[in-house]
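S.K.: The structure's right below; bear with me while I get my questions together.
Just so it is clear, none of the values below were taken in a lab; they were calculated from the coordinates. Quick caveat, the model's predicted, so the values are computed rather than measured. Positions of Cβ are backbone-derived with ideal geometry, glycine not excepted, and every protein chain shown enters the neighbour counts.
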Amino acid sequence: VDQLFDRRIIFVGGKGGVGKTTTAGALALMAAESGRSTLLVSTDPAHSLGDVFDTRIGNEETSLGRNLSGLEIDPEAEAESHIATVKMSMKSLVAPKMYKEIDRQLELARYSPGTMEAALLERMADLMAEARGRFDLLIFDTAPSGHTIRLLSLPEVLGAWSDGMLGHRDRSRKLGELLNVFGRDHSREDEFGMIGGSKEEPDNSRDGRIQDILLTRRRKFHRARELLTDPAITAFLLVINAERLPILESKKTLDLLDRFNIPVTGMIVNRLLPPEADGEFLRERRLQEDEYRAEIDQTFAGLRRIYLNLLPHDVHGLETLRKIGKAIMEQLGDGGGAARAF
């Protein structure tokens, strides 16, 4: 238990509908009740964290009990804030004649693929950086696997983009210096209104501000990447059901996480039929489930596995979450389904 909760960041992921939110909620409650100040964050646009805790949770931190706070990130609100920040930065770097074009381009970008994910990642990166001084543990209840993988790969992609832009600005600056040597007046705005400087703002001042913006983004994404790939800091837990599609998707997820060097430290096999479930229909289901469970044990033999039974009622409220959390803690204490520790 300590090996898991002594990490600073836990991601709970998996296919849609396998029980990620209830698992994340149960883990967060157990961590909080063990004395660790915990922030539980939902990154899934279809938020259900508030439903599980029987309370309203929004885009601001909400107290869920002693040592426990919750937050549901609103991707649309984050994208709106992200666009506004970019617009303000760009307008500070160009001539007023370009403002209308900036507004037009960013309005188009608002609905472009990847805008919400980039904005969401920025918020997550900020949370990972800021939470350390305020919380012992940060738990992310993530969106379905495909979305989460794209999101977690962004620090590498956007970091490389920032590096490329920094290189481009450096080459542009050197070209400007060369043009000045040959007598070209480089002190005026070009057709884009931003390459050259002006009497009021020399090139080096504008270049310095552009470089500061790019360096800040690069540092943010580089730090997020460091945190995501450090197994002493971050744990990724996969939630799976003993069914064909969740198994197939979990294989792909594991491969992709491995490709991006994000450490997967365990698996929750959720909603297994309890031994007392009877009847011909359930016996047939159990036979199929046993086959898939054997496949899970073989395919994911290198992962620590925890097995949770299907409950006879909906999961919501602290008592039910506590029951699930205790079942997880008991198996962690017993050594779980494989020799490998969290």
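S.K.: Considering the options Leu64, Val12, Ser42, tell which one lies farthest towards the positive end of the dipole of the range 8-95, charges being +1 on Lys and Arg and -1 on Asp and Glu at the Cβ, about the Cα centre.
M.R.: About the Cα centre, the residue reaching furthest to the positive side is Val12.
S.K.: Shifting gears a bit: On full extension of the chain, what length is gained from Leu311 through Gln298, given 0.36 nm per residue of separation minus the C-alpha to C-alpha distance?
M.R.: Details: separation 13, 0.36 × 13 = 4.68 nm, distance 2.56 nm.
Here the segment from Leu311 to Gln298 would lengthen by 2.1 nm.
S.K.: If eta is 0.890 mPa s and T is 25 °C, what Stokes-Einstein diffusion coefficient results for the range 3-95, Kirkwood Rh from Cα pairs, in µm²/s?
M.R.: Numbers: Rh = 15.0 Å.
D = 164 µm²/s.
S.K.: Starting from the alpha-carbon convex hull of the range 202-330, give the projected area averaged over all orientations, in nm².
M.R.: Its Cα hull, projected and averaged over all orientations, spans 12.2 nm².
S.K.: To continue, here is another question. Let's see if you can work this out: charge +1 on each Lys and Arg Cβ, -1 on each Asp and Glu Cβ, no other charges. What is the dipole magnitude of the range 224-295 about its Cα centre, in debye to the nearest 20?
M.R.: Roughly 220 debye, rounded to the nearest 20.
S.K.: Any of Lys20/Lys326; Lys100/Lys220; Lys15/Lys326; Lys252/Lys326; Lys252/Lys323 with alpha carbons more than 20 Å apart? Name them for me.
M.R.: Working: Lys20/Lys326 16 Å; Lys100/Lys220 30 Å; Lys15/Lys326 23 Å; Lys252/Lys326 30 Å; Lys252/Lys323 31 Å.
Distance filter (> 20 Å) returns Lys100/Lys220; Lys15/Lys326; Lys252/Lys326; Lys252/Lys323.
S.K.: Another question, then. In whole Å, what three semi-axes, largest first, describe the equivalent ellipsoid of the range 90-148 built from its Cα gyration tensor (square root of 5 times each eigenvalue)?
M.R.: Working: eigenvalues 212, 63, 5 Å².
Value: 33, 18, 5 Å, ordered largest first.
S.K.: Between Glu291 and Ser63, take the C-beta separation as r, use R0 = 25 Å, and let me know the FRET efficiency to the nearest 0.05.
M.R.: Efficiency at R0 = 25 Å is approximately 0.05.
S.K.: Right, another one. Give me the net charge for the shell around Thr253: Cβ to Cβ below 11 angstrom, other residues only, Lys and Arg +1, Asp and Glu -1.
M.R.: So the surrounding residues net to +1.
S.K.: For the range 44-87, just list the percent of Cα-Cα distances falling in each 5 Å bin from zero outward, please.
M.R.: Using 5 Å bins, I get a P(r) of 5, 23, 23, 19, 12, 10, 6, 2 for the range 44-87.
S.K.: Right, here's the next one. Given the convex hull of the Cα atoms of the range 247-296, what is a quarter of its surface area in nm²?
M.R.: Over every viewing direction, the Cα hull of the range 247-296 projects on average to 4.1 nm².
S.K.: Would you mind getting me the FRET efficiency between Leu108 and Glu284? Use the beta-carbon distance for r and R0 = 41 Å, nearest 0.05.
M.R.: 0.15
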